[in-house]
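For reference, the structure is listed below as structure tokens.
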Amino acid sequence: MSGNFVDSDGDAPPLRRRVRGPESRREPSTSLVVGWDRTAESTVAVRFCVDLAHRLTAHVHVVHVVDLDDTPIDPDAPDWGDAMTATITGETAEAKELLDGLAASWTYHSGHGDPAQLLATVADRYSALMVVIGSPRGGLLSYLDSMLRQSVAQQMIGKRKTPLLLVPADTQVT
């Protein structure tokens with residue numbers, strides 16, 4: 001494994017897991033933060049962010065917020081804790097597999113909480129040039145999220161000091 005597990009002493013709660021990827025061949029001049037939730041839209045955003053990081057000689061901080069989509073189905077099952085640990089470990093491995101093939105240095109962060117707040121926390125901690133997220137998924141749920149001010153993009157716009165870049169889902173990344 002080229003990325004080593006790093007204990008949470010470098011991350012304040014609720015960021016609980018951090019995996020450091022390979023070192024850059026050149027010293028990064030800045031850092032970028034990207035949100036990843038395993039959806040196609042966020043995977044496009046990660047790939048775009050890595051391409052941008054390569055062009056800018058930037059380090060990429062990938063933030064994954066563990067939410068209900070990540071939890072095992074039956075919270076009353078006797079092995080729920082083990083299943084949750086296995087799920088989180090699998091997601092970390094999935095992120096590592098995605099990132100190891102890309103041409104940039106990276107760090108993977110995961111934790112529980114408000115996605116916009118966690119993205120802002122990592123961006124502030126590492127003085128990120130910008131936060132990159134995938135475009136909203138569209139449809140009824142996306143509309144309801146925006147009406148209830150639950151959209152990560154809406155929460156990030158205008159309330160944070162770090163610029164936000166929304167990557168459309170159909171963006172082609174080479």
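Tyr108 meets the conditions (1) farther than 22 Å from Ala153 by Cα; (2) touching a strand residue (DSSP E or B) at 6+ places or on another chain (Cβ under 9 Å); (3) among the hydroxyl-bearing types (Ser, Thr, Tyr) in every case but one. The failed one is (1). For segment 87-119, the tally of residues that are on the phi > 0 side of the Ramachandran plot and of a type in the set (A, V, I, L, M) stands at 0.
The rows are residues; the columns are (1) modelled with pLDDT of 65 or more; (2) in a strand (DSSP E or B); (3) open to solvent by 10 Å² or more (accessible area, probe 1.4 Å); (4) more than 14 Å from Val66 (Cβ to Cβ).
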{"residue": "Asp9", "(1), (2), (3), (4)": "no, no, yes, yes"}
{"residue": "Pro13", "(1), (2), (3), (4)": "no, no, yes, no"}
{"residue": "Arg17", "(1), (2), (3), (4)": "yes, yes, yes, no"}
{"residue": "Pro22", "(1), (2), (3), (4)": "yes, no, yes, yes"}
{"residue": "Arg26", "(1), (2), (3), (4)": "yes, no, yes, yes"}
{"residue": "Leu32", "(1), (2), (3), (4)": "yes, yes, no, yes"}
{"residue": "Glu41", "(1), (2), (3), (4)": "yes, no, yes, yes"}
{"residue": "Arg47", "(1), (2), (3), (4)": "yes, no, yes, yes"}
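The criterion of being modelled with pLDDT of 80 or more and in contact with a Leu (Cβ under 9 Å, 6 or more places away or on another chain) holds for Val65.
Results for (1) modelled with pLDDT of 75 or more; (2) crowded, with 18+ Cβ neighbours inside 10 Å; (3) in contact with a helix residue (DSSP H, G or I) (Cβ under 7 Å, 6 or more places away or on another chain), shown as yes or no for each residue.
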site: Trp80; (1), (2), (3): no, no, no
site: Ala83; (1), (2), (3): yes, no, no
site: Ala93; (1), (2), (3): yes, no, no
site: His109; (1), (2), (3): yes, yes, yes
site: Ser135; (1), (2), (3): yes, no, yes
site: Gln154; (1), (2), (3): yes, no, yes
site: Lys161; (1), (2), (3): yes, no, no
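The values are calculated or read from the model by the stated rules, or taken from the named source; none is laboratory data. Because the structure is a prediction, the values reported are computed rather than measured. Every residue, glycine as well, gets a Cβ built from its backbone with ideal geometry; the counts of neighbours run over all protein chains shown. Accessible surface areas use protein heavy atoms only, side chains included; no ligands, DNA or RNA. Shrake-Rupley method; radii C 1.70, N 1.55, O 1.52, S 1.80 Å.
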